[in-house]
Amino acid sequence: MSVAETRSEQNGSEYIDCDDLLVGLSRVGCGVAAAVLTDAGFDLAALDVVSADAR
């Protein structure tokens, strides 16, 4: 949550968005969330770059 909160603040948002949560989970790099994202075809290293471009 702290990664998602920090990322949200850096982007000037008052709220933590789904992309903030996904990037936060991906940065943990292990555990169920990272495994699910990897199994779904997400490149965890590229996830932050893609979501930053969308803003």
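The values are calculated or read from the model by the stated rules, or taken from the named source; none is laboratory data. If you're wondering where the values come from, they're calculated on a predicted model, not measured in any experiment. With ideal geometry, Cβ positions are generated from the backbone for all residues, glycine too; neighbour counts draw on all protein chains shown.
For segment 10-27, a tally of residues being small (Gly, Ala, Ser) and touching a helix residue (DSSP H, G or I) at 6+ places or on another chain (Cβ under 7 Å) returns 2. Taking the chain as the region of interest, the helices (runs of 4 or more DSSP H) fully inside it that hold 3 or more residues being at pLDDT 85 or above and charged (D, E, K, R) are 2-10.
Contact map, segment 1-23: first residue free of Cβ contacts under 8 Å to residues at least 12 places away in the same chain, second residue assigned to a helix (DSSP H, G or I) and of a type in the set (Phe, Trp, Tyr), Cβ cut-off under 8 Å, separation 6 or more or different chains; the map is empty.
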